[in-house]
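Down below is the structure, laid out as C-alpha cells.
Rule-based calculations on the coordinates, nothing more; no lab input. Everything numeric in this text was worked out from a predicted model, so none of it was measured. Counting neighbours? That spans all protein chains shown, and the Cβs are built from the backbone with ideal geometry, glycine included.
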Amino acid sequence: MIKTIALIKRKPGMSMEDFVKHYEEVHAPLTLKHFPSFKKYVRNYVVAMPDTDEPDFDCITEFWFDDLEGALKVQEILGDYKTEVGKIFLADEEKFQDR
C-alpha cells in the first residue's frame with residue numbers, strides 16, 4: 001500500500017466554507033470519476049486555534065494506492081496539464097486552490 005500526501009491552500013480571499021464546499025462537492029467527485037483506482041481518498045481540513053496565526057495550508061489530502069505503479073500513473077497524468085484530464089484538473093484547481 002502506498003500513500004501520498006498533498007498540502008492544499010485555498011485561493012486568497014476565498015472563505016474556508018467556500019473552499020471546503022468546492023473541494024467536497026466539485027473537486028473530490030471529479031477526482032473519483034477520473035481515478036477510480038484510488039483505494040482511499042481523504043481530505044483533512046485544518047482549523048486554526050483561537051488567537052493563532054492562520055496555517056500555511058487548509059487541507060491535508062491523503063491518496064492511497066495499491067502499489068507504486070498506481071501512484072506514479074496518477075502523478076504522470078496530473079503532472080502533464082496538456083492532456084485532456086490534466087486540463088480538466090488544472091481548470092478546476094485554479095477555481096479554489098492557491099497553486
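I'd like to know which of Pro36, Trp64, Ile2 lies farthest towards the positive end of the charge dipole of the chain, counting +1 on Cβ of Lys and Arg and -1 on Cβ of Asp and Glu.
Sorting the options by dipole projection puts first Pro36.
For the range 14-50, list residues with backbone N below 15 Å from a point placed 7 Å from the Cα of Ile88 toward its Cβ?
Label zone hits: 26-38.
I'd like the projected area of the range 11-99, averaged over all directions, using the convex hull of its alpha carbons. Report it in nm² with one decimal.
6.4 nm²
In deg cm²/dmol and to the nearest 500, what is the mean residue ellipticity at 222 nm of the chain if only DSSP H runs of at least 4 residues count, each as -39500 (n - 2.57), divided by the residue total?
Calculated from helices alone, the mean residue ellipticity at 222 nm is -11500 deg cm²/dmol.
For the chain, set up a GNM with springs between Cα atoms under 10 Å and report which of Thr61, Thr52, Thr31 has the largest fluctuation.
Greatest mean-square fluctuation among the candidates belongs to Thr52.
Tell me the trypsin sites (Lys or Arg not before Pro) within the range 58-88 that lie in a loop according to DSSP and have at most 10 other beta-carbon atoms within 10 Å. Intermediate results must be reported in sequence, preceding the final value.
Details: sites: Lys73, Lys82, Lys87; in loops: Lys82.
Hits after loop and neighbour filter: Lys82.
Tell me which aspartates and glutamates have Cα within less than 14 Å of Lys3's Cα, excluding those fewer than 8 residues away on the same chain?
Glu62, Asp66, Asp67, Glu69
Would you work out which of Tyr45, Ala91, Met14 lies farthest towards the positive end of the dipole of the chain, given +1 charges on the beta-carbon of Lys and Arg and -1 on that of Asp and Glu, about the Cα centre?
Of Tyr45, Ala91, Met14, it is Ala91.
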